[in-house]
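K.L.:
Starting off with a structure, shown below.
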Amino acid sequence: MPDQRPAHDVLPLGAAPRPTTAPELLARLRPAVLDALGPEVEGTAAVRLDADLEGADVSRLDVDLTGVRVRVGADRPASSSGRSTSPTVDVEHVRSREDAVVRRLRVDAHPLLVDDVPVDVTAEIEGLRFRWVEGADGSLAVEGVEPDDAAPLGGHVRVSAPREAVLATARRIVATELQNIGLTLASLDVDLVATGPRTVSLQAFARVRKGLLSASVRATGTAEVDARMVLTVRDLELSSRNPVVAALLVVARGELAKVEGRHVDLAADLPPGVRVADVRVEAGEQLAVMARLP
């Protein structure tokens with residue numbers, strides 16, 4: 001019996017039947033991918049796709065996002081007329097499903113811009129399962145299949161960005177937060193050091209103003225990811241020798257106290273078939289995070 005359960009949150013790819021050649025697949029896939037990127041992503045004309053098709057399986061899918069720009073935070077564009085920007089649809093009446101797999105998915109960006117920060121991305125995923133779904137109305141869609149222990153994902157990812165660009169963004173964020181408690185940021189110096197393969201220590205020195213008053217603020221902290229993929233933030237300190245500024249920092253210290261010593265399981269919400277084998281960090285001229293799937 002064919003599996004005719006309704007298919008929810010599937011990616012529409014035009015009319016059935018499914019593509020049988022790589023050019024046909026790319027012609028359908030490109031507009032769907034560009035739509036999935038959403039209004040936050042600009043410069044999508046630069047996106048490049050390439051693929052090989054073997055029967056129902058996609059043996060290779062390469063996505064190059066070099067040159068696109070992602071707007072986040074305050075610069076993020078609002079969706080027009082309050083409409084949903086979701087690229088997925090529901091197929092309530094399914095005629096058939098066909099199991100398939102993307103044997104190797106590679107995503108590159110050298111770089112893409114996240115606001116004004118150039119971010120370099122290299123990611124390769126193996127064994128990404130999906131289904132071709134034909135609707136009773138003659139439509140075609142792709143339905144994702146969650147990985148499991150019987151068919152886990154493999155691969156690796158590396159994301160990096162120039163240290164100075166990241167710190168410039170951090171300065172803007174800190175300036176905004178200080179304004180919320182009545183302080184003006186005059187300067188901020190940050191030192192990030194990778195003290196181990198999965199540990200980063202931070203020391204920051206800021207000069208702030210409150211009216212005619214000028215004072216310094218010092219912040220320190222350490223973030224560590226252990227072999228079980230548990231993140232711990234510790235040794236958080238925020239201080240100022242100026243009593244007026246120190247009093248204004250009480251609220252910020254309270255927020256830091258909620259984070260101090262807290263354990264965050266980075267793998268807790270991953271499906272059973274997604275296991276992070278290792279995470280590494282680098283803090284030189286480039287700030288980088290690398291992860292490997294088994």
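The values are calculated or read from the model by the stated rules, or taken from the named source; none is laboratory data. Keep in mind it's a predicted model, so treat the numbers as computed, not measured. As a convention, Cβ positions derive from the backbone with ideal geometry for all residues, glycine included, and neighbour counts pool all protein chains shown.
K.L.:
Could you tell me which of the residues Val174, Val193, Val166 is of a type outside the set (Phe, Trp, Tyr) and in a strand (DSSP E or B)?
P.N.:
Just a single option satisfies the conditions, and that option is Val193.
K.L.:
Still on this structure, please answer the following. Is it true that Leu140 is touching a Leu at 6+ places or on another chain (Cβ under 8 Å) and part of a strand (DSSP E or B)?
P.N.:
Answer is yes for this residue.
K.L.:
Which of the numbered conditions does Arg83 fail, given that it passes all the others? Conditions: (1) of a type outside the set (A, V, I, L, M, F, W, C); (2) modelled with pLDDT under 95; (3) over 30 Å from Arg171 (Cα atoms); (4) touching a strand residue (DSSP E or B) at 6+ places or on another chain (Cβ under 8 Å).
P.N.:
It is condition (4) that Arg83 fails.
K.L.:
Given the conditions (1) in contact with a Lys or Arg (Cβ under 9 Å, 6 or more places away or on another chain); (2) not in a strand (DSSP E or B), and given that Val233 satisfies all but one, which numbered condition is not satisfied?
P.N.:
So Val233 meets the others, but not (2).
K.L.:
So which of Arg131, Arg97 is of a type in the set (D, E, K, R), within 25 Å of the chain's Cα centre (by Cα) and either over 18 Å from Asp57 (Cβ atoms) or assigned to a strand (DSSP E or B) (or both)?
P.N.:
Going through Arg131, Arg97 in turn, just one is of a type in the set (D, E, K, R), within 25 Å of the chain's Cα centre (by Cα) and either over 18 Å from Asp57 (Cβ atoms) or assigned to a strand (DSSP E or B) (or both): Arg131.
K.L.:
Suppose we keep only residues that are more than 27 Å from Glu164 (Cβ to Cβ) and touching a strand residue (DSSP E or B) at 6+ places or on another chain (Cβ under 8 Å) within the stretch 267-285. Which one would you say is modelled with the lowest pLDDT?
P.N.:
In this case the residue turns out to be Pro271.
K.L.:
Please verify whether Ala45 is exposed (fewer than 14 other Cβ atoms within 10 Å of the Cβ), among the small types (Gly, Ala, Ser) and farther than 30 Å from Thr176 by Cβ, treating the condition exactly as stated.
P.N.:
Judged against the criteria, Ala45 is a match.
K.L.:
Could you tell me whether any residue of the stretch 185-207 is closer than 30 Å to Val89 by Cα and either of a type in the set (S, T, N, Q) or in contact (Cβ under 8 Å) with a residue 60 or more places away in the chain (or both)?
P.N.:
No, the stretch 185-207 contains no residue that is closer than 30 Å to Val89 by Cα and either of a type in the set (S, T, N, Q) or in contact (Cβ under 8 Å) with a residue 60 or more places away in the chain (or both).
K.L.:
Oh, and also: Mind checking which residues of the stretch 181-191 are modelled with pLDDT of 90 or more and either in contact with an Asp or Glu (Cβ under 9 Å, 6 or more places away or on another chain) or crowded, with 16+ Cβ neighbours inside 10 Å (or both)?
P.N.:
Leu185, Leu188, Val190
K.L.:
Run Val245 past the list (1) surrounded by fewer than 16 Cβ atoms within 10 Å (Cβ to Cβ); (2) over 24 Å from Val281 (Cα atoms); (3) not acidic (Asp, Glu) and report the number of the one that doesn't hold.
P.N.:
With respect to (1) surrounded by fewer than 16 Cβ atoms within 10 Å (Cβ to Cβ); (2) over 24 Å from Val281 (Cα atoms); (3) not acidic (Asp, Glu), Val245 is out only on (1).
K.L.:
Shifting gears a bit: May I ask you to say which residue of Asp265, Asp278 is of a type outside the set (A, V, I, L, M, F, W, C), over 17 Å from Ile181 (Cα atoms), loosely packed, with under 12 Cβ neighbours inside 10 Å and out of contact with any helix residue (DSSP H, G or I) (no Cβ under 8 Å at 6 or more places or on another chain)?
P.N.:
Asp265
K.L.:
Residues being touching a Pro at 6+ places or on another chain (Cβ under 8 Å) and among the basic types (Lys, Arg): count how many of those fall in the stretch 41-68.
P.N.:
Adding up the residues that qualify gives 0.
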